[in-house]
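Worksheet: one structure, shown below.
The values are calculated or read from the model by the stated rules, or taken from the named source; none is laboratory data. Since we're looking at a predicted model, the values are computed, not measured. Neighbour counts run over all protein chains shown; Cβ positions are idealised from the backbone, glycine included. These area figures cover heavy atoms from the full protein model, side chains too; ligands, DNA and RNA do not enter into them. Shrake-Rupley method; radii C 1.70, N 1.55, O 1.52, S 1.80 Å.
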Amino acid sequence: MDIWEKLYMRAKAEYAPQELTPFVYARNVVCAVESASGEIFTGFCIESACGVMDLCAERVAILDMYKHSGETVVKRMISFRDRPPCGGGSGMPCGACREFLMQLSPENRDMEIMVDYDTRETVTLGRLMPDWWGGERYEQDTGDK
């Protein structure tokens with residue numbers, strides 16, 4: 001079993017769509033992340049009729065990682081609805097999740113995001129956000145050029 005299958009199986013275990021109230025539903029998108037230390041953390045979405053209160057599965061998984069390990073660097077991520085990512089935009093984190101990952105650590109630029117589970121095609125966060133606005137601030141904090 002490769003790491004992608006492990007991530008998929010852990011996320012799949014979280015998939016159980018449910019309507020919590022007439023306004024809130026959960027668990028219809030799931031995610032698993034592998035931290036820099038190799039631990040796996042999971043999350044599922046919680047969405048409401050008022051979009052500003054939504055929590056994506058990706059951010060929930062990252063918050064779970066930070067809560068339990070204190071880590072901020074993600075090596076790999078897989079997220080999906082009822083089946084694994086299958087190409088195109090499938091499995092891609094939203095803009096808010098991409099931004100959160102970049103702000104959490106500059107090393108997340110190198111993380112792999114599953115695009116197509118069957119072919120094991122991935123993309124890096126850096127490729128999705130090539131000219132990220134915050135890079136200069138990281139450089140100023142560390143003195144890196």
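For the chain, please report how many Lys pairs fall under 22 Å Cα to Cα, leaving out neighbours fewer than 8 apart on the same chain. Lysine pairs meeting the criterion: 5. Note that region 1-112 presents 51 Å² accessible area per residue, ligands and nucleic acids not counted, probe 1.4 Å. Taking all Cα pairs closer than 8 Å and separated by 6 or more residues, the relative contact order of the chain comes to 17 percent. Kirkwood hydrodynamic radius computed over region 65-145 comes to 13.6 Å, based on all pairs of distinct alpha carbons. If R0 is 25 Å, the Cβ-Cβ spacing of MET1 and LEU55 corresponds to a FRET efficiency of close to 0.30. Here the accessible area of the chain is 51 percent carbon and sulfur, with a 1.4 angstrom probe and all protein chains present.
Is region 104-145 rounded, prolate or oblate when judged by the Cα gyration tensor, a ≥ b ≥ c being the square roots of its eigenvalues, rounded requiring a/c under 1.5 and prolate requiring a/b larger than b/c? Note, shape of region 104-145 comes out prolate. Kirkwood radius and radius of gyration were both taken over the C-alpha atoms of the chain, and their ratio Rg/Rh is 0.98. Here r is the Cβ-Cβ distance between TYR15 and GLU136 and R0 is 41 Å; the resulting FRET efficiency, rounded to 0.05, is 0.55.
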